[in-house]
Amino acid sequence: MDEQTEEFGMAYLDSCDRVTLLLIHGFPLSSAMWELQIEDLGDMVRVVAPDLRGHGRSAASPPPYDVATLADDCADLLDYLAVPGPVIVGGLSMGGYVAFEFYRRYPERVAGLILAATRAGADTPEGQAGRDKMAALAQEEGVEAVAGAMLPKLLAPATYEEQEDVVEFVQEMMEETALDGVLGALAAMKNRPDSTPTLAQIGVPTLIIHGAEDQLIPLAEAQAMHQAIPGSRLVVIDDAGHMPNLEQPDDFSDAVADFLEQFLDDE
Ligand code: MLT
């Protein structure tokens, strides 16, 4: 595992192997959420998992952020790492919003897409009002209050009962996010473009993964993306909520590994 924080102003995990899989985390999380996938897939592909600005160990620039800047940060990291050729871009939830933007900005750099626990649509006016409320909560009561508000909705009921370690891990990851990172990302999500018109234009193999019990983004959103993205594959993970990669890591990694096979055949 290679880690670099000094020369390049963004922290990341990098498993250093063949075809590259870029994994973009959700809100307000970090690359740490991908550690099990790096373990499972790191010998098959080179996994690069950045901490988006203001998250994990990456520095926070002053808010607001936008998804274009977050996508550009990822492209800059790939440049810095001199990753050759197109990569498979995977994102969970907010990471999916960034993945859509990355695809629009750098289609030539994308060999495949993995859209996990995410949706194509922009925020509704109610959703945008919810972002403002969350930002006010963060400013008035701190990031812990945001983590406290989000935690009960992030996971499947069985995860809360049976996987205390996962619950604690997710809570700690959220609480470690910088206030500016939370505010910046809330603005990026609130103002993100509608990716629905992008769906029919996606011309690369696409895997959609969704927890059957996702309380934040209903499964119907994943089914709609599957209908609209030509040739896409949909995998529904049972007994998982909004963090299927942590709640059912083996099922999640198996689905990704199956999908990745097609990119290794030419090697
Ligand atoms: C995430 O999990 O990244 C966010 O909760 C997504 C969102 O709020 O739209």
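Numbers below:
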| item | result |
| --- | --- |
| Semi-axis lengths, Å, the chain, gyration tensor of Cα atoms, sqrt of 5 times eigenvalues | 25, 21, 19 |
| Under 13 Å, Cβ to Cβ, from residue 174 - net charge with Lys/Arg +1 and Asp/Glu -1 | -4 |
| Integer Hz, Karplus 6.51/-1.76/1.60 couplings in order for the range 46-63, x for Gly and Pro | 7, 9, 10, 10, x, 8, 4, 3, x, 10, x, 9, 7, 5, 9, 8, x, x |
| Sum of -39500 (n - 2.57) over DSSP H runs of 4+, divided by residues of the chain (222 nm, nearest 500) | -14000 deg cm²/dmol |
| Part-to-part distance (alpha-carbon centres) for the range 136-157 and the range 17-78, which is given in Å | 22 |
| Relative pair counts by distance (%), Cα atoms of the range 175-267, 10 Å bins | 15, 33, 38, 14, 1 |
| Percent antiparallel among DSSP beta bridges (both partners in the range 12-264, rounded to 5) | 10 |
| Net charge over other residues, Cβ less than 14 angstrom from the Cβ of residue 219 (K, R count +1; D, E count -1) | -4 |
| Rel. contact order, % - alpha carbon contacts under 8 angstrom, at least six apart, the chain | 21 |
| Overall dimensions of the range 104-207 as given by Cα atoms, namely Rg and Dmax in Å | 16.5, 44 |
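Every number here is computed from the coordinates shown, using simple stated rules; none is lab data. Computed from a predicted structure; not experimentally measured. In this analysis, Cβ positions are derived from the backbone assuming ideal geometry, glycine residues included, and neighbour counts consider all displayed protein chains.
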